[in-house]
Structure formats: structure tokens, C-alpha cells
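The values are calculated or read from the model by the stated rules, or taken from the named source; none is laboratory data. Here the structure is a predicted model, which is why all the values come from computation and not from measurement. In this analysis, Cβ positions are derived from the backbone assuming ideal geometry, glycine residues included, and neighbour counts consider all displayed protein chains.
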């Protein structure tokens, strides 16, 4: 379904730039031909429709190509965050039952460290391969395949992508979207911002996340041009806006924060920007005001999650800074509380994911009377605007990345000197939340903060490693003997102004 949509867009505007990354430009005609050849190449390597293909790539034209090629071939891409450490990568590849692994050569060492534990991986494809690797096929070699083979379009309800995101469990959950649900994600994004085929979208969100994938899908949906830059590189983002006259962007609050600072330091011409969507975490009103002063347009805050996005967006006319906005047409949103009070935000939308991969119980728990339980708290005002009021889950959201406290605690407790650990989030002016760990050492054991951090950096993505680590004699426990994270958060916030 998505592959057919892309082919139709390419036929309508063959010579139009589809993707721009630095000095590289790829037209829709060239993009269509290359992704068709790549799709055929993957199938000739022995993959079959429905197989999972792990992709471990930075933002690039090649990343866009492998996504579209998988959609055309009926394969299911499994994006792997570039910051994953070997053990984290192993879990995603094993849990998704991936049969192929496509990576940038600079990330291959993460995979090679756990290769012997992943017998299900039968094909390895490397991008920008500098020297031959055992088993590996060069990405460019797959592009040499015949691109004229007709590929049957995937069914609307066929699996399209599995996105791994952390929650309250120790391990990430695999979010399975179908071709149809992703189509609706792109449609809702385009309609919410009245995006046209003459847009030039700044794609600065990580393409291994739902936010970056959403912009790629929207580009295909409306036939506009995506300008790809590295995530969290404000200078590159502002240069792209000035040089390519970008009109629309989607960003995390932390990215917008850095862009405002960079624009104040070294102004670029940014008057081409017509709209900006802020997602992943609540956007402070002060940041919205600073962004409007620097860029001439407000950040339109909204609500979205990997399971379904976008859902609620602030209207351009009558925008209310600080609110999430109103539900988009076709999206049902309600709050599980009395009128005017905060309660869990519940959603029902055509852009809804299909299930959590290989986890029927977690899928069942995620829904209530057909509505997705978001884990976010919100209230609705008298005009129907939704206002974020916190989270009922214990996840930590740092720069829009979900972090499971339990996952971090489990790794800390693997240190030979540690007896117990408690992890919570504390407010952070730039990242939204910082990770804070309280550690109880074993009797007679010793460990320094730097030693613990080095231990964690070998086993966790950098963004999960605690920014703050405190040693305690004991941790607050609930009546069942579990760590009382509510009390621990209070301790963290009271202690955060002290030394580490």
C-alpha cells in the first residue's frame, strides 16, 4: 500500500526533488527506481514478504531508501536507535525475529559484538562499507538489481514497521503499525498543517524514531521535498532553512531550544518557515514565545506517541500556548475523569497501531473500551482544549526519548558493588527531564560515581545513563517492599540542588 502510494507520487512528479541531504539531491524518478531495485535486491537475497529487516542508520538518503524499499517488498523494517549499545541492540533484533540487518558501517561494531547470539540474522547489508566484512553485502550492490520486476502491493492491514519504545517494563515494547495506520499518520499530519506539494520539510528528527519516519511518510503522501539534516544539530538545521527555504518542520522541544540559541548567536534567513510542530514532550510557554520571536511563527504544540500520531494539535487561529490543542478530525479523545479535572488521556484514531509485537497481554492492557490508554494525564477546558497534566506512568521522558526506570535500575544492579538502585526523572529546563539514580552499595563495597557511569555507558544508550547519581544508605519502600518512586522523586527534587 505505501509502496504503491510512493510509485504514484513518483509518476506524477518524476523530476521534482524528493530528498535533499547536503549537496545530494534525489528526484522522485531516481528515488523510485533505486527503491524498486533495492526492494528486488532484498527479495533476491532470500527475504520474503513479512520478514523483519532491522535498520541501524543515521539520518540519510539511504535510510529513506531502505524504508521505502521494505514497504515496496512487503518487508517490515525495524528501526534501531543509533545510540543503542550491543546488549540493547541484541534484544531488539532477537525480539523482532529479524532476518536481516542493514547498518551504516560505523555502527556495525555494535552488532558484531553480539553477532554470535543472533543466529536468525541471515543477511547483513552495510552502507558506506570501507572494507569487506564477513557475511556483509554492500548496500550499493543491491541497487544494481533489475528494477523492472513487478512487486505485488502489500495489503492495507499488513505489518509495515515495528518501533521499539521504552515504557514501564524493563525491556522496550515493539509497536507494530500496518500500512493503513501509517497512511493515516501521514494524512493527519498533512491535514493538521494544511501541507501542500510545494512544501520543503526540514527533517531533523531521528529517522529511527516515529517522528522522523512520520515526516518521510508525509513527504511521500503529499509529494513534497524533505531536506534531511542530523538530529540536534542546530547549525545544520538553520543552514538548511536558509539555503533550501524550508517551510515546515517537526521538532522536539530540546531541538527548538538549541535552534533558538543558535539563531540568536548567528542569525540566518528563516522567513520561509510557515509552520512548526512541537511534539514528544510538553513545550514550555517561554520556549514557544522565544521561538516565535526568532522565527516569526509559533510552535504549534500537539500530542502524539509512537502508537498513534498526531492526535491533538493546537490550531493556528486561536492557538493557546501551553495547551495541547484540540483533537484532529476523526480522532476521538477523552479524559478518564470528571469535567475539568485531570485524568488519563484516552484515544481512538484510524492511525492506531495494530499491537505490541509478541505481547498479547501488554496489548490487551493498553486498551480500555476500544480506547488507547496513553499513560498521560490531561484535563479539558470549557472550549475543548486539552492541557497536559503529567504522566500516570513512571517513564522518564528525556528530550522526547522514553526511558524505563526499571531498565536502568536493572543495569545499575549488575555492578558488583551495588545492592539496590532507584531511578526517577527530575525536571530539566532543556531536556524536559533528567535521569536521577539513588544507589545503595553492598556492605563493605565501594564505588565512585565516575566508575558507575562508565559501567553504565558500556551497557546503556547514552541518553539513559543517569545525569545525577546519589549514594544512600537505604531507599524508601512501599508496603509491598517495592521502591516508592513517588517519594524518591520528592527526595530527588529536594536533593537536585546539592552536589552529586
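Points to keep in mind about this one:
- The conditions of being under 21 Å from residue 252 (Cβ atoms) and part of a loop (DSSP other than H, G, I, E, B) are met by residue 430.
- Restricted to the stretch 361-378, and to residues there that are in contact with a strand residue (DSSP E or B) (Cβ under 7 Å, 6 or more places away or on another chain) and over 19 Å from residue 394 (Cα atoms), the residue that is surrounded by the fewest Cβ atoms within 10 Å (Cβ to Cβ) is 370.
- Scanning the stretch 44-64 for residues that are within 13 Å of residue 145 (Cβ to Cβ) and either under 18 Å from the mean Cα position of the chain (by Cα) or buried (at least 20 other Cβ atoms within 10 Å of the Cβ) (or both) yields a count of 1.
- Looking at 336, 359, just one residue is in the same structural domain as residue 76 (by TED's automatic domain parsing), more than 30 Å from residue 429 (Cβ to Cβ) and without any contact (Cβ under 8 Å) to a residue 40 or more places away in the chain, and that residue is 336.
- Residue check, residue 388 outside the structural domain of residue 50 (by TED's automatic domain parsing), farther than 16 Å from residue 328 by Cα and either in a strand (DSSP E or B) or in contact with a helix residue (DSSP H, G or I) (Cβ under 7 Å, 6 or more places away or on another chain) (or both): yes
- Residue match in the stretch 281-293 (condition: modelled with pLDDT of 95 or more and either surrounded by 19 or more Cβ atoms within 10 Å (Cβ to Cβ) or outside the structural domain of residue 199 (by TED's automatic domain parsing) (or both)): yes
- Residue 2 meets the conditions (1) modelled with pLDDT under 95; (2) closer than 21 Å to residue 150 by Cβ; (3) surrounded by fewer than 19 Cβ atoms within 10 Å (Cβ to Cβ); (4) in contact with a strand residue (DSSP E or B) (Cβ under 9 Å, 6 or more places away or on another chain) in every case but one. The failed one is (3).
- The set of residues in the stretch 4-32 being in contact (Cβ under 8 Å) with a residue 12 or more places away in the chain, under 27 Å from the mean Cα position of the chain (by Cα) and not in a helix (DSSP H, G or I) consists of 17, 18, 19, 20, 21, 24, 26, 27.
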